[in-house]
Amino acid sequence: MDMLRQFGQDMLGPAVFMVAATLAKIVCITLPLMLCVAYLTLLERKIIGWMQTRLGPNRVGPFGLFQPLADGLKLLLKEIVIPSGADKWVFLAAPVFSIAPALAAWAVVPFDDGVVLADINAGLLYLMAITSVGVYGVVLAGWSSNSRYAFLGGMRSAAQLISYEIAMGLSLVVVLMVSNSLNLGDIVNAQGKGLFAGMGVSFLSWNWLPLFPVFVVYMVSIVAETNRAPFDMAEGESEIIGFHLEYSGLAFSLFYVAEYASMILCSAIASILFLGGWLSPLGCFPDGFHWLAAKIFIVLVSFLWIRATFPRYRYDQVMRLGWKVFIPVCIAWMGVVGIWMMSPWSVWK
Amino acid sequence: MSSMKEIFGSFLLRELFGGLAVTGRYLFAPKTTVRYPEEKIPQSPRFRGLHALRRYPDGEERCVACKLCEAACPSMAITIEIAPDENGKRCTTRYDIDMMKCIFCGFCAEACPADAIVETRFYEYSAESRDALVWTKDMLLENGERCEEQIAEDLGRDMKYR
Ligand code: SF4
Ligand code: SF4
């Protein structure tokens, strides 16, 4: 590795080499991510199918394994229709706005101890900031389509995302309090210490147990943040179809990819903040990336499971849950944790 | 106290976990999907599929050209034209069933005094043009020859109820 670095620096000069190396790393993160997105769509259809005692896609390739490729190809070959009266540039930029944050956020996600693209100290802040940008994609798509239904979908999801962002932000504040750092790597490492970790059952000292109410709030908020059922107001296919009503072909598929990419992202963040990231659940196993992958997978499956189970909320219920339940709970637990940390029973020393 | 319990229960998502448990069980339940071209669902002897015109064992057409089926058809899918044949017997010169109109009600088979028009168990006759979905007399007769064994068996099983 060092030899490679040395060779590269000699060949390209330090500045160019750094750009090239970063680009290579970005490709190494994005390509597998896109593959995961493709197969997440298949997994979703399979799991929902199984839960409805169906088989799910099974025609393209063995067990339907080539289905995502066929879907992608189909969307690629379709025409991108731009409605008359639409604001053309905004219309075309909106899908990019929604997918870019879902990819950019991966820059600060640590895959293992020290394995991260940008090891910045304000990682959590960066995450909060960059994921909020995603809402612009939705709003702009709804606004520029020149369609009432798309507009309504955009408005709904703007209100919803902003409400749940507050609950999410407050729950992150609690995590931040107990781990004393904004760096995601440090947050994970902080979870590996504590009373239970000393006894070898470290999964009990991860944040999810002492911060349980906040964990619940966060898990529900990420479902709402990614516009997934039962919070898929923005789509609401039974009433308004949603903000991407007028999109077709590749532009539509970008929204789709963005949704699944941000699902994977939110699962990764949840695993890092509350489920101990790459730490192994029992002291006797070595830590490593596979634990993170397993946790992400479990959270993702629960996303799909939730979608297969619950009907959609009514819109005022969504708002009530966000403002009247989650935000007070987060603020209350913030106080509780503050007192707890100062008391002699603190588990975070 | 009970309201405390309620708040606690709803925060632990008790009812929601109940719902998740149901779908979780179904994840492993046996699947009911029929993989159509490889598997087919069982058919009743009264299955109403594509029509067939039948012949007597000596090869004579059963149809006596009474036009009862045409009259009975609620969707006017049957078109019949009649002329005497060389022996002076009434005979259909044209017997078309428009499968795009037909609703497979079976009234034609019920109306027929000679059991000439029947519905078979065959249903895989999709076509790429409208013209190909209008079944003419020759095609119906041919279908009758192909399915005669099955038709006779099914009619026999139904006999005691008629
Ligand atoms: S099955 Fe019914 S609709 Fe079809 S041809 Fe016979 S009578 Fe007409
Ligand atoms: S098929 Fe039956 S009902 Fe129809 S014209 Fe012939 S004999 Fe009459």
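Computed from the coordinates by the stated procedures, all read-outs in this text should not be read as laboratory data. Fair warning: this is a prediction, and the values are worked out from it, not measured in the lab. As a convention, Cβ positions derive from the backbone with ideal geometry for all residues, glycine included, and neighbour counts pool all protein chains shown.
For this structure, a couple of remarks:
- Across the range A:92-102, computed HN-Hα scalar couplings (Karplus, 6.51 cos²θ - 1.76 cosθ + 1.60, θ = phi - 60°) run 7, 7, 4, x, 5, 4, 7, 8, 4, x, 5 Hz from first to last residue, x flagging Gly and Pro.
- Relative contact order of chain A, defined on C-alpha pairs under 8 angstrom at six or more residues apart (%): 21 percent
- Simple point charges give the picture: +1 on the Cβ of Lys and Arg, -1 on the Cβ of Asp and Glu, and for chain B a dipole about the Cα centre of about 940 debye.
- Relative contact order for chain B: 26 percent, from Cα pairs under 8 Å spaced at least 6 residues apart, divided by residue count.
- Translational diffusion coefficient of the range A:3-143 (Stokes-Einstein, Kirkwood radius from Cα pairs, 25 °C, 0.890 mPa s): 131 µm²/s.
- Here's the picture: a label point sits 7 Å out from the Cα of B:C105 along the beta-carbon direction, and within the range B:147-162 nothing has its amide nitrogen under 18 Å of it.
- Relative contact order (%) - criterion: Cα under 8 Å, at least six apart; region: the range A:1-127: 15 percent
- Placing a pseudo-label 7 Å from each Cα along the Cα-to-Cβ vector at A:F212 and B:R46 gives an inter-label distance of 5.9 nm.
- Per-residue mean of C-beta atoms belonging to partner chains within 10 Å, peptide B:23-32: 5
- Sorting the segments B:46-54, B:119-127, A:324-332 by their mean number of nearby beta carbons within 10 angstrom, highest to lowest, gives B:46-54, A:324-332, B:119-127.
- When the alpha carbon gyration tensor of the protein assembly as shown is reduced to an equivalent ellipsoid, the three semi-axes, largest first, read 64, 27, 23 Å.
- Built amide H within the under 5 Å cut-off of B:I82, gap 5+: B:T93
- Estimated dipole of the range B:1-87 in Debye, rounded to 20 [Cβ of Lys and Arg +1, of Asp and Glu -1, Cα centre]: 780 debye
- Note on the range B:39-90: the C-alpha convex hull projects to 6.0 nm² when averaged across all orientations.
- Cβ-Cβ FRET estimate between B:E149 and A:N58, R0 fixed at 35 Å, reported to 0.05: 0.50
- Nearest-20 debye value, the protein assembly as shown charge dipole, Cβ charges on Lys, Arg, Asp, Glu: 1380 debye
- The order of the peptides A:145-151, A:57-63, A:186-192 by mean Cβ neighbours within 10 Å, most packed first, is A:186-192, A:145-151, A:57-63.
- Projecting the Cα atoms of A:F243, A:G8, A:A118 onto the charge dipole of the protein assembly as shown, computed from C-beta unit charges around the Cα centre, puts A:A118 farthest toward the positive end.
- Leading residue at positive end of dipole, the protein assembly as shown (Cβ point charges), from B:Y95, B:F107, B:V34: B:V34
- Three semi-axes describe the equivalent ellipsoid of chain B; taken as square roots of 5 times the Cα gyration tensor eigenvalues and ordered largest first, they are 54, 17, 16 Å.
- Ranked from largest, the principal axis spans of the Cα set of the range A:78-342 equal 65, 37, 33 Å.
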